[in-house]
Each structure stands twice: as C-alpha cells, then as structure tokens.
1. Go through (1) touching a strand residue (DSSP E or B) at 6+ places or on another chain (Cβ under 9 Å); (2) surrounded by fewer than 23 Cβ atoms within 10 Å (Cβ to Cβ) one by one and return the number of the condition B:MET525 breaks.
2. Pull up segment B:2-22, narrow it to residues that are in a strand (DSSP E or B) and within 17 Å of B:CYS245 (Cα to Cα), then point me to the one that is nearest to the ligand (Cβ to nearest atom).
3. Do we find a residue being without any contact (Cβ under 8 Å) to a residue 12 or more places away in the chain, surrounded by fewer than 19 Cβ atoms within 10 Å (Cβ to Cβ) and out of contact with any strand residue (DSSP E or B) (no Cβ under 6 Å at 6 or more places or on another chain) anywhere in segment B:63-76?
4. Please specify each residue of segment B:339-377 satisfying the condition of being in a helix (DSSP H, G or I) and buried (at least 21 other Cβ atoms within 10 Å of the Cβ).
5. Find the strands (runs of 3 or more DSSP E) located wholly in segment B:23-132 whose residues include 3 or more that are away from the ligand (no atom under 15 Å from the Cβ) and either more than 9 Å from chain A (Cβ to nearest Cβ) or out of contact with any Ser or Thr (no Cβ under 9 Å at 6 or more places or on another chain) (or both), and list them.
6. What pairs can you find where one residue is in segment B:294-312 and over 12 Å from B:ASP256 (Cα atoms), the other is among the aromatic types (Phe, Trp, Tyr), and their Cβ atoms are less than 9 Å apart, with a gap of 6+ or different chains?
7. Within segment B:152-193, how many residues are loosely packed, with under 15 Cβ neighbours inside 10 Å, hydrophobic (A, V, I, L, M, F, W, C) and within 11 Å of another protein chain (Cβ to nearest Cβ)?
8. Here is a check on your reading of the model: is B:GLY311 within 14 Å of another protein chain (Cβ to nearest Cβ), assigned to a loop (DSSP other than H, G, I, E, B), within 16 Å of the ligand (Cβ to nearest atom) and farther than 30 Å from B:ARG403 by Cα?
Amino acid sequence: MNRFSRRAWICGLLGLGAAGLWPRRVRPQGHARAPAPLAPGRSPFDARQRRALAAACERVLPGAGEAGVPGYLDRQLAREPFSRFLAPTFGRAAELLDSQAREAHGQVFAELPAEAQDAILGRFQAGAVQAQGFQARPFFEHLVRFCLEGFLGDPRHGGNRAEVGWRFIGHHPCWWSPRRIDSLTRRGRALPY
Amino acid sequence: MARERESVDVVVIGSGAGGAPAALTLAEAGARVLILEKGPYYSLGDFTHDEVSICRRDFWVPWEHLDPHTIRKGAEPEARVTREGWVSQCVGGGTVHMSGFFYRLHAEDFRLATLTGGLDGAELADWPIDLAELEPFYDLAEVRVGVSGQAGLNPFEVRKRPFPLPPLHPHPAAALVDEAARGLGLTPFPTARAVLSRSYGGRPPCNYCGFCGEYGCENGSKSSVLASLLPPAEASGRCEIRAGCMASRIEVDGQDRVQGVVYLDAQGVERRVQARVVVLAASAIESARLLLLSADGRHPHGLANGTGLVGKHLTLSTFGKGTAILDRAQVAARLGADHMDLPFLQRSLQDDYWNPRLGAALPKGGTHNFLLHHPNPINAGVRMAMDAKWTLWGQPLKEALRRYFHDELWIEFEVFGEFLPVPGSFVDLDPRAKDRWGLPAARISVAHHPVADDVNRLMVRRGLDVLEAMQPRPVKVYPWAWANTTYHLQHGTCRFGDDPGRSVLDRDCQAHEVRNLYVTDASFMPTSGGCPATPTILANSFRVASKIAERFRRGEIARGQV
Ligand SMILES: Cc1cc2nc3c(=O)[nH]c(=O)nc-3n(C[C@H](O)[C@H](O)[C@H](O)COP(=O)(O)OP(=O)(O)OC[C@H]3O[C@@H](n4cnc5c(N)ncnc54)[C@H](O)[C@@H]3O)c2cc1C
C-alpha cells in the first residue's frame, strides 16, 4: 500500500480530526508533526553512479554537496514511484556521464574540471546525448528539479542540510509571524480601501 | 456485519465544496447524514509548509498509476494517462488547498445563449434559474464559511449585502496596480478571499504567512469547508464523515428511486448503505464517472443517462497569465519599506467580464486576478529554469534565486475566462485505464473553441498593459500562458435545465430520471462563468439542500428509523 492510502486508512480508522479536535493554539512549527520521514531505503545506485550524479548535482546547483543534495536524490529515487519510473533513467544517465567523460577526456565525470563537466551537462540539457531508450532532456529537467528540492526543501527529507538553502535565499519558508498582524493593527495603518 | 445493512437518510458522496454545504444543511434540518469521502481526513497539524511533501508529491492527489485519469486534447487520437483533472482527494476536497479567491457569477452568466443569440460551434444554454435566485445563497455561503472583502467597489458585480469580514491587508504594491489600471480606464477592486481577516466562529485570523494555494492552512483561517462547515455538521451529532471510502456505484430500485450507495471502505472491502436521498458531489469529472460506472441491466449507459448527456458539455476555465518583475528597492523607494513582506496583492479586474468593446466575436470574457508570485522557493527556482527553457542552471541559477528573493518583486495576473462548451469536450469511461480498485478511469476529452482562445489572448494583452503601465516601470514584463486551460476548475458534465431531453438534472439539481438523486458539485453548470466557481458551488449546494430539506419537512421523503 502506498503512503497515501495507508494514511487514509489510519485516519479513517482513528477518526482523527473529528469535531472538537481543532487545536486552540497553533503550533508555530507545524511541520514538527508532519508525516514521518521517508525510510532511507536502499540506494538504487552503485558507488560509481552515485559519484557521477553527485558531481552533476554540484554543477547544476553549486553548493549542492554541502546541502546534502546527492543523498537527498538517492533517498528520493529509492522510493515509490520514482524507484520504478525515474531511478533507471538516472542510473543510465550516470553511466552516460562517465562514458561521455571517458570518450572526450579519458577520465570519469567526477574527476573532470568544472568546465569540462559543464560542457557535458550542456549536451544533456540540449538533448544532444543519444542512447537507446534514453532521453537526455527530460533527465536533465528532473535533475534540476531534484537539485532545487534538495537545496530548498524541508531538511527533514535529508537535503537543505542545516537549512543552508533557506539561509542562502534569506527566506524561511516555515516562518510564522504573528508580529506581522500586530504591527498592522498597532499602527492603525489606513488601508487603501 | 452491521454495516452491511446500514441505512441513513442521506448519503453525500464527496466532502468538498459541493458536498459539505448539503451535508451541513440536511444534518441541521434533522436528517441523518453519512458523508463518504475517498481521501484522508487531515487535521490542522498535517498542514505544514513542507513544499516537497505538500505540493510536489501525492498529498492531495494520488499518483497516476494508482488513480489515473486519461486525457485527449484536441485532435489527438489516443488518450494518455494523466494526473490532470483531479482537484483534491481529502476531507474538504479542493477547498482545503485552494487559494480562496472568491468571485460571484454575474447576471450575464445565466443567459449566455440568449444574450449572444448563439455562437457557431458552441453548445450554449441558459440556466433555468437566474442570479436573483442564487443571490441569497451566495450571502449565506459567505457568512457560513467566512469571506473577507469590501462590497461596493466592483461595479460589475451584483450584491446587496456587505461581506461578513473586512478585506485582508494588501501588499503596498496594490497601489501600483490600482494606479496603472485606473490610468487605463479600468476599475480595480479588492479581491474577496475565503480567508479570515478577523477572528470568526472560533477560528483565528489569518497570520499572513502566504501559504494558501496548494497548502492546507495550519491556522484554520482559510475558509475551507474542512475548517468552516464540516465541524458544525459533525457537532450536530447527525453527520458522520467516513474518510478513505470510495463510492463505486449508486443503486436504484425498480421505480428508479435512489436506493443506496455501494462503496469500498478503507480496507478495500465492498459495503452497501441504504439512503432515501443521495447527494453526489465528487467533482464534475468524477461525478459523471460514477454515474457511468453505475450502469446496470436497466440503465446500460449509466444512471440518469437515458439522454446520453452525462459527461457531455464538460467545461473547464480558460487560463492565461503574465508576469512583471520589479526592482524591490525602487518599489520601496516609492511606497516606503513598510510591509513589503505582506503576501497578498488582493486586486482584481472584471472590466472584461462582459465587454462588447473587447474586439472578439464574443463579448464574454472573465476575470483578471493580480497577485504576488507564490513564496514557494522550489517552485520559484523551477519556474525560472523552465522560463529559460532549462538553460538556466549552475551559478547563474543560484544567482537568479538570490535576486528573486533579495532584489525582485514579481507581480502577476491570472486570467480566468469562459470556457465555451463544445462537442469535443466531454467525460466518458476509458476503455483501458483502470484505477487501483480495477474500476475504469474517467477519460477527459478537451477541445477549445477558437473564440474563447481569442478572448483569452485579448485579456492577457490587457493584463500586460496594466503591468507595463506600473510605476516604477518593471524590469521585465512577459506573458507566461495564454489560450490555456486550467483543469482545477471543471463544470458542466450533468447540466441542469427544465427540458429533460436536453439536461441531466432539473432546476433543483435532482436527476430527471432518478428520483432523490441530486448532484451538487459544478456538474450542474450549463456554462462555466468567467471566474473560479467555488462560491457558486457552495451557494448552489446550500440552495439545493434547502429544497431537499423542504421535501423532508413536507414528508415527501420519509425519514428512516433512527
Ligand atoms: C491549487 C488550487 C487552487 C484553487 N483556488 C481556487 C480559488 O482561489 N478560488 C476558487 O473559487 N476555486 C479555487 N480552486 C477550485 C476549487 O478547489 C474547486 O472549485 C472546488 O473544490 C470544487 O468543488 P467540488 O465539490 O466540485 O469538488 P471537490 O472540492 O474536489 O470535492 C470532491 C471530493 O469528492 C471526493 N471524491 C471523488 N470521487 C469520490 C468517490 N467516488 N467516492 C467518495 N468521494 C469521492 C474527492 O476526494 C473530493 O474530496 C482551486 C483549485 C486548486 C486545485
């Protein structure tokens, strides 16, 4: 059973949220009671593939390594439904990153200098990397999405380590600021209407 | 098992905008009501700002391999599996994660066929009721859920009563939109919101966190039916909400009177509940699907479908969007630095709602809703990468993110317009795709009327004119989408009307062919209207429920043993 239907099941049985259960005080950190974190699961990749993907993440979003993005990617792709639909593509892409690197420079992708890595990634972005049953452009788009998620997502998923991504943008998506309403009412600021 | 022979007065299928008002009204009128809701029952603590879990996975809508729709756009020969066409699956339905921009329909919406004299290729129909009949129920809906707004500033809208709550505080940049729009001869007005500006009915006021659309409100300040209507329904002691339970068939007796509902409970076990009245409110697409799934020997084409009209006349909403990127420092220099982090812009235009001078073959447009770009950081990054056709990555992407959060202010508008009913837009059962329970999925066919697309383009152009006229001048203004569709807004699959040969439901939203079967989501709407329809769905559900309650009172529908 997937997480969603299991949740439905549990909630249905326990009747959570029945009348009268509405909390009076709102927890500022609502996410403290969020659904349980994902089970880490087994990595869908071998060490070589992981290394290539980690290097790609770092080029797609510099600082990805520090933020824990590669581990985030690993964990996400280990679970349903990504394990079925996306993990094989990413495994394949890791192989292609290395084979392209070896062809052009005689080294694996992770060992190339940044410019050479960018050139190879640029070919994925442009859809110029061709291989049987592999589509480079959709892979690249997914890679960017996962990098952004791992950098800016809730740290409970294993990325955005020590909220480094949120500190970078200077914007804490979980903030909750009653002061904002206070300041509006205290000043008696007239509304435009 | 006791439940096998369970009997109630009313079964409501779906707990969203269409289901909750009916359930509340009928429970308050003394009926025993059971709500069957397919999705989970979330509580406030489940609503976090975790963008990955809440917005980007299956919190609201299951993955498509478990619960698919299929879609076929335009001339595409084959339908493909999609996640489009679901609003939300949880107690409270789509009202839980809506943004809560609340607009009423206008008088023109009820008589589009007459006013236009018809339009080639469009299957327009007047409504059997008029705005005056719905108006008191708009008032009632606003009071019961809690809507914030300022009456009297939208010259195109008919309303006699004030809003129950004053408007939310707008971001200072609302003044820029006002000034630009007025300079173009337009009439901006503050957008009404299903969000509390003050404490109301035991619920706290909005904390201005800005995480409305695609999130649940952890504060209980968003006026979802989960926060507003379902608690008193349950507190009546006569309404039970059974979550995780999917209705799979509606049953009728030999006289075509509704008899009850078959559903799959949370463990996947098939159960049956008898009912005097069934109120179907599973969303326009899913309600049509359930009627089709309820085919039997005597109704081979589905329930209430002797005319073949169930699923026909599907309308969505035309959609367009434009963006202006402003320099935050310039805006602050003009307006002052105070309150620059407020999340709501709160401005709308309806000058093109009915505008013969629009320059299109149809004077019927819709609504411009001006808003600030959503504070979701992942979404912002993906949006920027996407807008650059994925050439934005690496250090430039990081730099763009930094600029977005530190230096820029993104003001956008969304256009919602009339989606003309055409023969190519309908819902039927997919011959192949099945859901996790093995039931055929809904297949959605979508065709656009070219005139609706023209109108949408003109409206997007109008929105861009407003953005371009703002002072300080935006660094960049660009159209993001036009002549597009949003599947979040869906209507029309079981039209109501007075002619049983041309409509599925009567004017009280009771099926012409099945006694005591009512449909109260947006299926009844013969035309889509030019704005998001949630207030209309709520109001109509209150209206229909008052008719059903009246029938109970008159003894026309017997009440079961309690
Ligand atoms: C992101 C987003 C933002 C939105 N913002 C706005 C807005 O600002 N303003 C506005 O007016 N509208 C908005 N909407 C639209 C609004 O959500 C819908 O108009 C409204 O919820 C539709 O009401 P409904 O009753 O038809 O369906 P829903 O509210 O979706 O309720 C249907 C319910 O039925 C359940 N169901 C389906 N099938 C079955 C079955 N077989 N058995 C049991 N239960 C079933 C579903 O799980 C669901 O909970 C927004 C929608 C989205 C997705």
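1. Going through (1) touching a strand residue (DSSP E or B) at 6+ places or on another chain (Cβ under 9 Å); (2) surrounded by fewer than 23 Cβ atoms within 10 Å (Cβ to Cβ) one by one, B:MET525 breaks only (2).
2. Here is the first cut: in segment B:2-22, the residues in a strand (DSSP E or B) are B:6-13.
Pick out the ones that are also within 17 Å of B:CYS245 (Cα to Cα) and you get B:6-8, B:10-13.
Numbers: B:GLU6: 16, B:SER7: 19, B:VAL8: 15, B:VAL10: 14, B:VAL11: 10, B:VAL12: 9, B:ILE13: 5 Å.
Top of the filtered list is B:ILE13.
3. Taking segment B:63-76 as the starting set, the residues that turn out to be without any contact (Cβ under 8 Å) to a residue 12 or more places away in the chain are B:75-76.
Checking the rest, the ones that are also surrounded by fewer than 19 Cβ atoms within 10 Å (Cβ to Cβ) come to B:75-76.
After this cut, where a residue has to be out of contact with any strand residue (DSSP E or B) (no Cβ under 6 Å at 6 or more places or on another chain) as well, the list is B:75-76.
Checking segment B:63-76: at least one residue is without any contact (Cβ under 8 Å) to a residue 12 or more places away in the chain, surrounded by fewer than 19 Cβ atoms within 10 Å (Cβ to Cβ) and out of contact with any strand residue (DSSP E or B) (no Cβ under 6 Å at 6 or more places or on another chain).
4. Within segment B:339-377, the subset in a helix (DSSP H, G or I) is B:356-358, B:377.
Correct list: B:PRO377 only.
5. Values: elements: B:33-37, B:69-73, B:80-82.
Result: B:69-73.
6. Close Cβ pairs (under 9 Å, with a partner that is among the aromatic types (Phe, Trp, Tyr)) amount to B:GLY311/B:PHE426; B:LYS312/B:PHE426.
7. 1
8. On the way: within 14 Å of another protein chain (Cβ to nearest Cβ): no; assigned to a loop (DSSP other than H, G, I, E, B): yes; within 16 Å of the ligand (Cβ to nearest atom): yes; farther than 30 Å from B:ARG403 by Cα: yes.
In short, no.
The values are calculated or read from the model by the stated rules, or taken from the named source; none is laboratory data. Predicted model, so just to flag it, every value in this text is computed and none were measured. Quick reminder, even Gly has a Cβ in these numbers, built from the backbone with ideal geometry, and neighbours come from all protein chains shown.
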